[in-house]
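Trainee: Next up is a structure, given as structure tokens.
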Amino acid sequence: MSAIIENFPQLVEAFLGTLSLLVLSGLGALAIGIVIAGMRISPAPPLRAFATVYTELLRNTPLTLVLFFCATLLPYLQFFPGYYPLAVLGLTLYTSPFVAEALRSGINGVAVGQAEAARSIGLTFGQTLRIVILPQALRMVVPPLINVLIALTKNTSVAGAFFVFELFAAARRLANARGDAVITILLGVAAFYLLITVPLGLIAGRVEKKVAVLR
Amino acid sequence: MTVSVLYDVPGPKARRRSVMTSIVGTIAIVAGLAWLIATLAGERTTVAGATLPGLFDPSRWDIFNDIVVWRSLGEGALNTLAMAGAAAALALVVGVLFSFGRTAASPGIRVPVAVLLEFFRGMPVLLMMLFALLVFSTGTYWAGVTALALYNGAIIGEALRAGISALPSGQREAGLSLGLTPVATRFLIEFPQAFRTMLPIIVAQLVVLLKDTSLAYIVGYSELLRTGQNLTQFFGNRYAFSFFFIVLAMYLAMNLLLSWVARIISHRTSSRGGALVAADASAEQLPEGVGGVDAGEASRR
């Protein structure tokens with residue numbers, strides 16, 4: 001226990017590192033994901049094709065490979081804004097297709113009859129989207145989006161392996177320094193992760209239940 | 001596409017607009033790709049002042065004539081597959097055990113198992129690998145296998161539980177009334193059906209597992225990515241990109257193949273499913289809609 005208490009400030013700093021990675025790359029992924037999802041359902045075929053290729057390519061590449069690219073190959077290409085921005089970039093790129101897929105499945109998930117009904121009472125395209133489709137789609141999309149964020153939280157640990165200081169890096173460093181208290185240290189770090197993932201999971205579950213009633 | 005129901009049949013004006021968007025979009029994308037390729041192909045001056053040949057220069061690719069290079073890459077891929085295979089088999093066993101414990105009649109079993117499951121699901125796989133490596137000193141291979149089996153087993157377990165709870169209660173009652181014990185009912189009647197409905201999710205999770213083996217690179221297992229990096233160090237940095245491309249291509253080949261299998265299975269088994277989820281090929285990666293499963297976490301990576 002002393003290993004945790006002694007190094008508590010360091011652990012808190014690492015926790016803040018994880019949190020900031022989560023927030024920044026979460027926002028980035030949300031922005032790119034919205035654009036990609038928009039392209040995926042757009043009427044222009046080339047945009048659709050691009051979005052499909054982007055999604056499939058990044059979704060089937062291991063995160064380690066993406067971050068490896070950002071951390072070692074981009075600097076080699078004279079692109080080096082620092083390891084922290086590179087880590088955020090990698091996590092953003094990797095997470096964005098999952099966001100896009102979640103958004104798209106939400107829009108696809110609205111029953112066709114809804115749109116038909118809206119059109120049959122004379123709503124215009126804009127009204128249909130605004131009043132009928134999007135409110136339902138957004139509500140359905142919240143739980144899977146939270147799941148993407150939970151995944152992102154855990155994925156930040158991979159960024160820690162590539163020169164960024166966050167919880168996993170702290171775990172490795174402390175475990176090396178205090179060989180006698182490895183179990184305590186790792187469990188302590190795990191608790192910090194659970195501090196983010198478990199509440200998020202509970203929120204997702206609650207929202208999902210609410211949505212399920214509405215259907 | 002469901003979207004078509006949102007619009008009127010496009011008239012001349014709308015059609016012209018969509019053609020224009022297509023053209024502008026294509027030009028933008030092609031220009032972006034061309035810029036990327038030109039930048040990659042162009043010569044580059046390092047900080048030290050030396051000039052490096054472009055990425056598509058033959059001098060960056062000549063080592064791939066050497067069979068030895070391919071043999072080590074193949075070995076790396078085999079190591080990746082060895083870890084994925086063992087972890088997948090174990091994850092299925094762990095998943096069955098988890099769902100078994102999670103649906104147990106006595107709360108004395110159910111509650112601890114639920115807590116354990118939440119714990120495994122909420123933790124980064126990498127941290128579990130480090131734990132297994134440092135605490136049990138298992139060696140990198142078994143550290144990777146253990147962590148992957150536990151993490152993915154937890155998710156498969158949740159999927160199976162959802163599959164079981166989605167079954168009509170008559171199934172269980174019928175089994176019991178035939179004189180089967182509760183355990184026999186579960187194994188002979190409930191599990192086979194749950195497996196069948198949840199097969200797409202399970203296969204999708206195996207894709208995730210295969211991708212996650214690359215995490216073992218970080219704890220030092222010589223899988224595909226690590227092999228590529230070792231080769232880079234051996235042959236020099238000028239080949240860094242070539243090896244990266246080859247490794248990426250090998251990963252994509254393996255994962256896309258598995259994803260494709262997953263898609264076929266999900267189409268085959270979900271033909272009777274509601275239009276809400278099944279309509280969409282991405283359902284296998286983000287299967288949040290199926291029976292209220294929380295397996296959207298399959299999207300982890």
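Trainee: When you go through B:LEU209, B:LEU199, B:LEU188 one by one, which is the residue that is of a type in the set (A, V, I, L, M, F, W, C), open to solvent by 40 Å² or more (accessible area, probe 1.4 Å) and out of contact with any Ser or Thr (no Cβ under 8 Å at 6 or more places or on another chain)?
Mentor: Going through B:LEU209, B:LEU199, B:LEU188 in turn, the sole match is B:LEU188.
Trainee: Could you check, for region B:173-191, whether at least one of its residues is touching a helix residue (DSSP H, G or I) at 6+ places or on another chain (Cβ under 8 Å) and within 14 Å of chain A (Cβ to nearest Cβ)? Reasoning before the result, please.
Mentor: Taking region B:173-191 as the starting set, the residues that turn out to be touching a helix residue (DSSP H, G or I) at 6+ places or on another chain (Cβ under 8 Å) are B:174-176, B:180, B:182, B:184-186, B:188-191.
Next, only the ones that are within 14 Å of chain A (Cβ to nearest Cβ) stay: none.
The answer is no; no qualifying residue exists.
Trainee: Identify all residues within region A:179-195 that are aliphatic (A, V, I, L, M), open to solvent by 50 Å² or more (accessible area, probe 1.4 Å) and facing chain B (nearest Cβ under 9 Å); write none if there are none. Talk me through it step by step, then tell me what you get.
Mentor: So in region A:179-195, the residues aliphatic (A, V, I, L, M) come out as A:181-183, A:185-187, A:189-191, A:194-195.
From what's left, open to solvent by 50 Å² or more (accessible area, probe 1.4 Å): A:183, A:187, A:191, A:195.
Hits for region A:179-195 are A:ILE183, A:LEU187.
Trainee: Limited to region B:233-253, what total is found for residues that are open to solvent by less than 40 Å² (accessible area, probe 1.4 Å) and either in a helix (DSSP H, G or I) or in contact with a helix residue (DSSP H, G or I) (Cβ under 8 Å, 6 or more places away or on another chain) (or both)?
Mentor: We begin by selecting, within region B:233-253, every residue open to solvent by less than 40 Å² (accessible area, probe 1.4 Å); these are B:236, B:239-244, B:246-248, B:251-252.
If we keep only those that are either in a helix (DSSP H, G or I) or in contact with a helix residue (DSSP H, G or I) (Cβ under 8 Å, 6 or more places away or on another chain) (or both) too, we end up with B:239-244, B:246-248, B:251-252.
So the answer is 11.
Trainee: Return the total of residues in region A:181-202 being out of contact with any Gly (no Cβ under 8 Å at 6 or more places or on another chain) and free of Cβ contacts under 8 Å to residues at least 24 places away in the same chain. Don't jump to the end; show me each part of the working.
Mentor: If we filter region A:181-202 for residues that are out of contact with any Gly (no Cβ under 8 Å at 6 or more places or on another chain), which is where we start, we get A:181-192, A:195-196, A:199-200, A:202.
Applying the additional criterion that residues be free of Cβ contacts under 8 Å to residues at least 24 places away in the same chain yields A:182-183, A:186-187, A:190-191, A:199, A:202.
Number of matching residues: 8.
Trainee: Of these, B:SER282, B:SER266, which one is at pLDDT below 90, part of a helix (DSSP H, G or I), touching an Asp or Glu at 6+ places or on another chain (Cβ under 6 Å) and open to solvent by less than 10 Å² (accessible area, probe 1.4 Å)?
Mentor: B:SER282
Trainee: Does A:GLY82 count as crowded, with 19+ Cβ neighbours inside 10 Å, of a type outside the set (Phe, Trp, Tyr) and within 30 Å of B:GLY236 (Cβ to Cβ)? I'd like the intermediate steps shown before the answer.
Mentor: Values: crowded, with 19+ Cβ neighbours inside 10 Å: no; of a type outside the set (Phe, Trp, Tyr): yes; within 30 Å of B:GLY236 (Cβ to Cβ): yes.
No.
Trainee: While we're looking at this one, here's another question. I'm trying to understand the selection: among the residues of region A:65-79, which are touching a helix residue (DSSP H, G or I) at 6+ places or on another chain (Cβ under 7 Å) and either free of Cβ contacts under 8 Å to residues at least 60 places away in the same chain or outside any helix (DSSP H, G or I) (or both)?
Mentor: Within region A:65-79, A:LEU65, A:VAL66, A:PHE69, A:LEU73, A:LEU74, A:TYR76 meet the criteria.
Trainee: From the residues in region A:1-37 that are open to solvent by 40 Å² or more (accessible area, probe 1.4 Å) and modelled with pLDDT under 85, which one is farthest from the chain's Cα centre (by Cα)?
Mentor: A:SER2
Trainee: Additional query: Taking A:PHE79, is it hydrophobic (A, V, I, L, M, F, W, C) and in contact with a Phe, Trp or Tyr (Cβ under 9 Å, 6 or more places away or on another chain)?
Mentor: No.
Trainee: Looking only at region A:140-157, decide whether some residue is more than 8 Å from chain B (Cβ to nearest Cβ), surrounded by 24 or more Cβ atoms within 10 Å (Cβ to Cβ) and of a type in the set (Gly, Ala, Ser).
Mentor: Looking through region A:140-157, none of the residues is more than 8 Å from chain B (Cβ to nearest Cβ), surrounded by 24 or more Cβ atoms within 10 Å (Cβ to Cβ) and of a type in the set (Gly, Ala, Ser).
Trainee: Criterion first (more than 12 Å from chain B (Cβ to nearest Cβ), acidic (Asp, Glu) and touching a residue at least 24 places away in the same chain (Cβ under 8 Å)) does A:GLU13 satisfy it?
Mentor: yes
Trainee: Pick out the one residue from B:GLY32, B:GLY95, B:GLY76 that is open to solvent by less than 40 Å² (accessible area, probe 1.4 Å), in contact with a Ser or Thr (Cβ under 8 Å, 6 or more places away or on another chain), assigned to a helix (DSSP H, G or I) and modelled with pLDDT of 75 or more. Give the derivation first.
Mentor: Working: B:GLY32 fails: in contact with a Ser or Thr (Cβ under 8 Å, 6 or more places away or on another chain); B:GLY95 fails: in contact with a Ser or Thr (Cβ under 8 Å, 6 or more places away or on another chain).
Answer to the selection: B:GLY76.
Trainee: Given the conditions (1) open to solvent by less than 40 Å² (accessible area, probe 1.4 Å); (2) facing chain B (nearest Cβ under 10 Å), and given that A:THR124 satisfies all but one, which numbered condition is not satisfied?
Mentor: It fails just one condition, (1).
Trainee: Which pairs turn up if I take residues in region B:216-238 that are within 14 Å of B:GLY76 (Cβ to Cβ) and look for partners that are open to solvent by 20 Å² or more (accessible area, probe 1.4 Å) and basic (Lys, Arg) with beta carbon separation below 7 Å, at least 6 apart in sequence or on another chain?
Mentor: Here the result reads B:TYR217/B:ARG226, each pair linking region B:216-238 to a residue that is open to solvent by 20 Å² or more (accessible area, probe 1.4 Å) and basic (Lys, Arg).
Trainee: What's the total number of residues in region A:102-121 that are at the interface with chain B (Cβ under 10 Å from one of its Cβ atoms) and hydroxyl-bearing (Ser, Thr, Tyr)?
Mentor: 1
Trainee: Under 6 Å by Cβ, and 6 or more places apart or on different chains, what pairs join a residue from region B:21-43 that is in contact (Cβ under 8 Å) with a residue 12 or more places away in the chain with one that is outside any helix (DSSP H, G or I) and open to solvent by 90 Å² or more (accessible area, probe 1.4 Å)?
Mentor: B:ALA41/B:PHE56
Trainee: Kindly provide the set of residues from region A:62-79 that are within 7 Å of chain B (Cβ to nearest Cβ) and either open to solvent by less than 10 Å² (accessible area, probe 1.4 Å) or of a type in the set (A, V, I, L, M, F, W, C) (or both), ordered by number.
Mentor: Hits for region A:62-79 are A:PRO62, A:LEU63, A:THR64, A:LEU65, A:PHE68, A:PHE69, A:LEU73.
Trainee: Then there's this: Could you list, in sequence order, all residues of region B:217-232 that are buried (at least 22 other Cβ atoms within 10 Å of the Cβ), more than 8 Å from chain A (Cβ to nearest Cβ) and out of contact with any Phe, Trp or Tyr (no Cβ under 8 Å at 6 or more places or on another chain)?
Mentor: Once the filter is applied, which keeps residues that are buried (at least 22 other Cβ atoms within 10 Å of the Cβ), more than 8 Å from chain A (Cβ to nearest Cβ) and out of contact with any Phe, Trp or Tyr (no Cβ under 8 Å at 6 or more places or on another chain), region B:217-232 yields only B:THR227.
Trainee: Which one of B:ILE189, B:ILE155 is of a type in the set (A, V, I, L, M, F, W, C) and closer than 19 Å to B:ARG110 by Cα? Write out each step before concluding.
Mentor: On the way: B:ILE189 fails: closer than 19 Å to B:ARG110 by Cα.
Exactly one of B:ILE189, B:ILE155 is of a type in the set (A, V, I, L, M, F, W, C) and closer than 19 Å to B:ARG110 by Cα, namely B:ILE155.
Trainee: Look at region A:163-178 and say how many of its residues are surrounded by fewer than 22 Cβ atoms within 10 Å (Cβ to Cβ) and in contact with a Ser or Thr (Cβ under 8 Å, 6 or more places away or on another chain).
Mentor: Qualifying residue count for the region: 0.
Trainee: As an exercise: evaluate B:GLY54 against (1) within 14 Å of chain A (Cβ to nearest Cβ); (2) assigned to a helix (DSSP H, G or I) and give the number of the one condition it does not meet.
Mentor: (2)
Trainee: Quick check: anything in region A:113-135 modelled with pLDDT under 85, closer than 30 Å to B:VAL125 by Cβ and out of contact with any His (no Cβ under 9 Å at 6 or more places or on another chain)?
Mentor: No, region A:113-135 contains no residue that is modelled with pLDDT under 85, closer than 30 Å to B:VAL125 by Cβ and out of contact with any His (no Cβ under 9 Å at 6 or more places or on another chain).
The values are calculated or read from the model by the stated rules, or taken from the named source; none is laboratory data. Owing to the predicted nature of the structure, the values given are computational and were not obtained by experimental measurement. A quick note on method: Cβ atoms are made from the backbone with ideal geometry, for glycine too, and the neighbour counts reach across all protein chains shown. Just so you know, the surface numbers come from the protein's heavy atoms only, side chains and all, with ligands and any DNA or RNA stripped out. Shrake-Rupley method; radii C 1.70, N 1.55, O 1.52, S 1.80 Å.
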